[in-house]
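Quick one: the structure is below, and I'll ask about it shortly.
The values are calculated or read from the model by the stated rules, or taken from the named source; none is laboratory data. No experiment lies behind these values; they were computed from the predicted model shown. Please note: Cβ atoms are built from the backbone with ideal geometry, for glycine as well, and neighbour counts cover all protein chains shown. These area figures cover heavy atoms from the full protein model, side chains too; ligands, DNA and RNA do not enter into them. Shrake-Rupley method; radii C 1.70, N 1.55, O 1.52, S 1.80 Å.
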Amino acid sequence: MILLSWNKLLCYTIEETIYVDKKASLVNAIKEHGFSIRDIYTVTQAVARFTNVNSITSDQKITVSVNDDNFLQSLSIMDGVNNHKIIATRTGDGFFVTKLVKLPDNMVFPIQEKFYHRDISPIFVENIIAKKSKLSDDLPKYKVFTASIHNSLYNTARNLGIHPNSIIKMVEAIEKQSSINLNKLSKNSKLETVVEFDPEENVNVLCFAILDNGSNNATFYNHEFRDGQRKVVNLDHYIGNGKGFVSPVDPSIPISSHYGNRYHPIKRKKSFHKGIDYATQIGTPVYAASEGEITVLSKSTSYGNLIKIKHQNGYLTLYAHLSKFAPNIKSGANVRKGELIGFSGDTGMVTGPHLHFETLKDNKHINPLQVLSNRSNFDISEIRNIKETIMNVRSVVSDAK
Ligand SMILES: [Zn+2]
């Protein structure tokens, strides 16, 4: 296991200039810098009042300023054609205020050939050179890196030589599929990655990552599904140990109430419990038990925030008391087995946070444990494909240890 410590690498540039060589959208021009999706969206909206954010050209020079935690503080766009400067500055409430400043006539703007210009600290350059010379005689295809995160996830991954596109996919996966807040990473956060070295491009492409923030972790594989789609997802939830329906939450979370007759905790009488309860904390990721179509996405008095998914062969699953729905999840959407659909919570009629999970076959309730253990409707070759990716990653990690 290679352990890299970057204690001395805290001297990052506070202000950076971004040059665009032909045409780019503002989002594409700044997203390699590891800002949160929310910040990118908010700042883009803020400057859209004064410029076409979908078409930034080489006449427009973008400057961003960030604090130590890589939080975007301000963004300005110098417009050489219109001779003005647009400045968006972060306000206390997380939004940006924009102003337009007229510039003196005949101002000259430097044009840079490179798309993205980033100042690199000298220590970082040395490390890159050291890494390159080591790789030259015997090129290992896969490498395992573990690094403490001192600055931002983006900068740490960048220092490991991971390609920006890979990092953006990982950042998006973490923001969409886990409950880890990248803007509030603890001091002992750690990133473990398996990367594949691409000698032609001289870059490391991310195959696998675990982000551990001390109390929580998020696991991701960069996997190509059999339909050709490449996704950065947690594959462990897709195979569910070979069982039919996968667990809607991390399988290690205990069941706090089983299916069947029980004494109702709120109604205080004997009643039939139509599902099982998982003892989840608020914000625990909830996954689709199998592939299907979201038929209900609503708020109910008893069930709280509720999702229903219709599956093949007359099966239906129900997920209740959610704190929120996952981004991009809407009624009518098709989901894959193991795809993140929401986060558990305590909405509706509850005594405390948990996930209430029901399964129905032909509109009749059945014990979810029966489905989770017996049924299998997952394409066998896809399972093999997923397992292969997981096995590859595991063997690379164990070789390195
Ligand atoms: Zn329940």
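Counting only residues that are within 12 Å of the ligand (Cβ to nearest atom) and open to solvent by less than 20 Å² (accessible area, probe 1.4 Å), which one in the range 353-375 is modelled with the lowest pLDDT?
Looking at residues that are within 12 Å of the ligand (Cβ to nearest atom) and open to solvent by less than 20 Å² (accessible area, probe 1.4 Å), I get Pro368.
Also: Taking His264, is it touching a His at 6+ places or on another chain (Cβ under 9 Å) and modelled with pLDDT under 80?
The answer is yes for His264.
On the basis of being small (Gly, Ala, Ser), open to solvent by 30 Å² or more (accessible area, probe 1.4 Å) and within 25 Å of the chain's Cα centre (by Cα), does Ser323 make the cut?
Answer is yes for this residue.
Further question on the same structure: Taking Thr389 as meeting all but one of (1) over 18 Å from Asp250 (Cβ atoms); (2) hydroxyl-bearing (Ser, Thr, Tyr); (3) modelled with pLDDT of 90 or more, write down the number of the exception.
Single failed check for Thr389: (3).
Still on this structure, I have one more. In the range 273-305, what residues are modelled with pLDDT of 95 or more and either in a loop (DSSP other than H, G, I, E, B) or open to solvent by less than 10 Å² (accessible area, probe 1.4 Å) (or both)?
Of everything in the range 273-305, those that are modelled with pLDDT of 95 or more and either in a loop (DSSP other than H, G, I, E, B) or open to solvent by less than 10 Å² (accessible area, probe 1.4 Å) (or both) turn out to be Ile294, Tyr303, Gly304.
Shifting gears a bit: Check Val47, Val66, Val20 and return the single one that is touching a helix residue (DSSP H, G or I) at 6+ places or on another chain (Cβ under 8 Å), at pLDDT 80 or above and outside the structural domain of Tyr154 (by TED's automatic domain parsing).
Testing whether each residue is touching a helix residue (DSSP H, G or I) at 6+ places or on another chain (Cβ under 8 Å), at pLDDT 80 or above and outside the structural domain of Tyr154 (by TED's automatic domain parsing) leaves just Val47.
Out of curiosity, is Lys131 open to solvent by less than 70 Å² (accessible area, probe 1.4 Å), over 20 Å from the mean Cα position of the chain (by Cα), in the same structural domain as Asn204 (by TED's automatic domain parsing) and modelled with pLDDT under 50?
Criteria met by Lys131.
Among the numbered criteria (1) out of contact with any strand residue (DSSP E or B) (no Cβ under 7 Å at 6 or more places or on another chain); (2) open to solvent by less than 20 Å² (accessible area, probe 1.4 Å); (3) not β-branched (Val, Ile, Thr), which single criterion is violated by Leu318?
(1)
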